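The values are calculated or read from the model by the stated rules, or taken from the named source; none is laboratory data. The structure presented is a predicted model; accordingly, all values stated were derived computationally and were not measured. Cβ placement follows ideal geometry from the backbone for every residue including glycine, while neighbour counts extend to all protein chains displayed. Accessible surface is based on the protein model in full, side chains and every heavy atom, while ligands, DNA and RNA are left aside. Shrake-Rupley method; radii C 1.70, N 1.55, O 1.52, S 1.80 Å.
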Amino acid sequence: MQAHPSEPLSTLVIAAALQVPERFAISLLDSCESSSTLLLERAQHGAACGSVVVCERQTAGRGRRGRSWLSAPGDSLTFSLLWRFPAGMPPPMGLSLAVGVAAAHALEDMGAAGVSLKWPNDILADGAKLGGILVETVSTGGRHVAVIGIGLNIRLPRDIADAVDTEAGALASVMPYAPSRNLLLANLLNGLATLLDEFAHTGFAGFAAAWQARNAHAGLGVRILAEGTAPLEGRCAGVDDDGALLLETAAGMRRIVSGEVSLRKS
Ligand code: ATP
């Protein structure tokens with residue numbers, strides 16, 4: 001992998017590549033604890049749909065269930081997007097999977113090869129985890145508000161590779177060149193806006209086929225791990241219309257909802 005510095009993040013460069021710039025309000029920060037934590041706070045204070053926090057240096061980046069998301073200035077892209085769904089819409093089940101589809105599209109459009117998705121929230125390429133998605137939702141005044149956090153490894157510093165307990169990867173390894181982070185962020189936001197508009201009408205059902213087409217474990221033996229219970233073994237039979245994992249077990253088909261479980265290859 002070629003080592004060269006990333007271009008600095010720039011709201012002007014990002015805005016120039018947005019299809020509808022007025023849909024987004026981008027805050028570019030040098031440092032924060034977590035872009036999602038900050039945006040959740042801003043959501044409580046009325047931040048608009050389309051608010052984006054992109055942060056060069058996260059000091060306490062978060063994954064699911066209190067886990068950490070590690071990033072390195074210049075080598076990562078970490079940002080969060082706030083989205084307000086229309087009044088009366090049911091809870092946005094399966095949103096983190098649908099966001100994975102939008103992210104995969106954006107990466108593929110920029111030339112990334114071998115992108116796949118691991119239920120419920122990981123972005124892989126060639127089996128290595130190069131990105132994570134964290135969707136957190138709150139409900140105010142009958143409307144669901146989502147804060148969608150995405151972390152991507154552009155390059156993978158050795159200390160991050162050594163610190164994580166999964167096989168980590170980086171975009172620079174699956175693209176002809178390490179992508180421009182400004183362009184990548186704009187492409188992701190363009191794709192997310194389109195997806196989120198559609199999601200409000202179709203829910204995850206509208207994206208289930210696209211997700212299955214990128215399912216890293218389709219048809220494979222997998223193990224579902226949950227704290228305090230024995231692992232559940234089965235064959236990954238895809239996902240339901242609400243994003244639940246379908247696990248074919250010796251005792252029949254089981255639906256696994258994402259909350260507190262992790263999937264591993266058997
Ligand atoms: P799992 O895939 O085990 O279900 P999770 O969904 O509970 O994980 P995530 O929210 O995907 O967790 O992200 C946190 C986990 O991702 C960490 O525990 C660590 O193993 C891994 N991780 C953290 N930073 C990175 C990174 N930059 N690249 C790849 N993996 C990372």
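Please calculate how many Å² of accessible area region 11-213 carries per residue, with a 1.4 Å probe and no DNA, RNA or ligand atoms counted. Numbers along the way, then the final one.
Working: 8190 Å² over 203 residues.
Roughly 40 Å² per residue, with all protein chains present.
Each principal axis of the Cα atoms in region 36-89 has its own extent, and those three values, largest first, are 39, 24, 18 angstrom. Using R0 = 30 Å, the C-beta based FRET efficiency linking Val20 and Arg67 works out to 0.30. Taking 1.306 mPa s as the viscosity and 10 °C as the temperature, the Stokes-Einstein diffusion coefficient of region 60-179 based on its alpha-carbon Kirkwood radius rounds to 106 µm²/s.
Evaluated with a Cβ-only charge set (Lys, Arg +1; Asp, Glu -1), region 5-130 carries a dipole of roughly 540 debye about its Cα centre, given to the nearest 20.
Label sites at Glu167 and Met89, each approximated as a point 7 angstrom past Cα along Cα to Cβ, lie 3.6 nm apart. About its Cα centre, the chain has a charge dipole of approximately 300 debye under the convention of +1 per Lys or Arg Cβ and -1 per Asp or Glu Cβ, with nothing else charged. Pair-distance distribution of region 118-193: all C-alpha pairs, bin width 10 Å, starting at 0; shares per bin in whole percent are 16, 43, 29, 10, 2. Ordering Pro21, Leu81, Leu9 by the projection of their Cα atoms onto the charge dipole of the chain, which places +1 on the Cβ of Lys and Arg and -1 on the Cβ of Asp and Glu, puts Leu81 at the extreme positive end.
May I ask you to give the percent of accessible area on the chain that is carbon plus sulfur, with a probe radius of 1.4 Å? Could you put the intermediate results ahead of the total?
On the way: 6310 of 11860 Å².
Accessible surface attributable to carbon and sulfur in the chain totals 53 percent.
Expressed as a fraction of 2.2 N^0.38 Å, the C-alpha radius of gyration for the chain is 0.97. Roughly how big is region 221-263's charge dipole about its Cα centre, with Cβ charges of +1 (Lys, Arg) and -1 (Asp, Glu), in debye to the nearest 20? With only Lys, Arg, Asp and Glu charged at Cβ, the dipole is about 180 debye.
Placing dummy labels 7 Å off each Cα toward the beta-carbon, the span from Leu12 to Ser266 is 5.7 nm.
Taking Lys and Arg as +1 and Asp and Glu as -1, the other residues whose beta-carbon sits under 12 Å from that of Gly66 total +2. Sorting 196-204, 248-256 by their mean Cβ neighbour count within 10 Å, with the most densely packed peptide first, gives 196-204, 248-256. Packing here is the average count of other Cβ atoms within 10 Å per residue, and on that basis the peptides 209-222, 73-86, 43-56, highest first, run 73-86, 43-56, 209-222. Put simply, when 183-191, 30-38 are sorted by average Cβ atoms within 10 angstrom per residue, most first, you get 183-191, 30-38.
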